């Protein structure tokens, strides 16, 4: 064998090993319920930079679809729940398919693979609002796809919450899984139709929700590091709730006569704020256990092999409803501005590296709104904080959240600034009946002398001081508020000293 051939074979073997150990076809959920959105093309490029091959949407917005055109990324578009009633008309379903599917079906267009009909329409909290319209909508969309000549390559499915199936309390093991009795008829119809059209069953599985609000749930069971007392079902040990939940669905499908149906995990993830168990450390732990399993195509005890998975979610969404919990706005693996939150290795090899951030993000001036310490009348402070938090995201202030330790003034500054950023730093939005004032966040140049003077203080504040404000609003964490106030007092004492040396007036605070 010649030297060239030898190294070629070695290269191919090496590439084969890498491909075997990476997460094949990993997808993400791209939600857009935010007050300030990253440009769609920026998000698409960020996905490509990180090797993300599949994306699941929650609508079929034209700007998003245009950005995805030509990217090669496989797409699941969606019909929101509030449009399901309209889709019970076959003519309207055909119109929707023409407008959102076939118009992008060309060389260099959008690589659409699935249509999500609704999103968790059978949630108990919806009080059966979509119970009798989901299946007709599913039928019409798939039939419209078939009539348009794309039904062989594009399949309609219904992303369902994991509460559509369960095991009886008397035998709470995966092998006893059945569809919920109150929706068994609808579920049977849906499963039969999916099977007829070779479409997958889509389920959203959230180990975090098993832990949320249930202090008796064994926390280690939500992760993948193993537990000392696994649940044993017919000799099979279950060491984590993901496997148990997935196999409960496998059993429910088997009981319905479709034990071999393809299962697609439409959503799985871990939030980083809004609850005592929602933080970056737990999110890192969760993904650091999940991704290697997916890369190895380990599957579950009842369904070995490859599982198609979409992580939830790509970017934080500060305008989502918090009815399920304050954590709802913090599922992103990226912050609002496309910066990664924690180390994450999409190859599944457990490397301690960060994802590639969004590029060329435009930021607002480094200005914020804070509580006015000279305010005299504080009787309306609570009302103004409530007003600010009604129109901006204050979920980080809640119990167990990252900024829960703030004092009253800190809470006010956080809330006022959140509202100020949502309003695009409009000066009129930073008054709050005289309780607020605008200020300038320290830039790198401004903070240099202070770093030398108070390194211990700046060590905990530095990230916030240098961050600035984003066009996509990023809430300032609690230490920023405390540090800003402390450093501002210090700056007044050193301002004259550094004015000549640096050629500027120190730290601008909005004071007269």
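No value in this document is a laboratory result; all are computed from the given coordinates. Because the structure is predicted, anything quoted here is derived from the model rather than measured. Note: ideal-geometry Cβ built from the backbone for every residue, glycine included; neighbour counts use all protein chains shown.
When only C-alpha pairs under 8 Å and at least 6 residues apart count, what is the relative contact order of segment 332-414, in percent?
Numbers: 56 pairs, mean separation 16.5, N = 83.
That works out to 20 percent.
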TODO: Bin width 10 Å, alpha-carbon pairs only: give the P(r) of segment 226-348 as whole percents, running from 0 to the bin holding the largest distance.
DONE: 12, 37, 33, 17, 1
Open item on the list: Please arrange 267, 74 by how many other C-beta atoms lie within 10 Å of their C-beta, fewest to most.
Closed with: 74, 267
Task: Least to most buried among 36, 330 (fewest other Cβ within 10 Å first) - done: 36, 330
Open item on the list: Using a 7 Å offset from the Cα along the Cα-to-Cβ direction at both residue 91 and residue 152, what is the distance between the two label points in nm, to one decimal?
Closed with: 3.1 nm
TODO: Take every Cα-Cα pair in segment 15-126 and report what % of them are more than 16 Å apart.
DONE: 64 percent
Task: Ranked 396, 129, criterion: other C-beta atoms within 10 Å, fewest first - done: 129, 396
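So what are segment 227-270's ellipsoid semi-axes, whole angstrom, largest first, if each one is the square root of 5 times an eigenvalue of the alpha-carbon gyration tensor? Write down the numbers at each step before the final one.
Values: eigenvalues 88, 53, 6 Å².
One finds semi-axes of 21, 16, 6 Å for segment 227-270.
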Task: Spacing of the two label points (7 Å from each Cα toward its C-beta) at residue 131 and residue 163, in nm - done: 1.4 nm
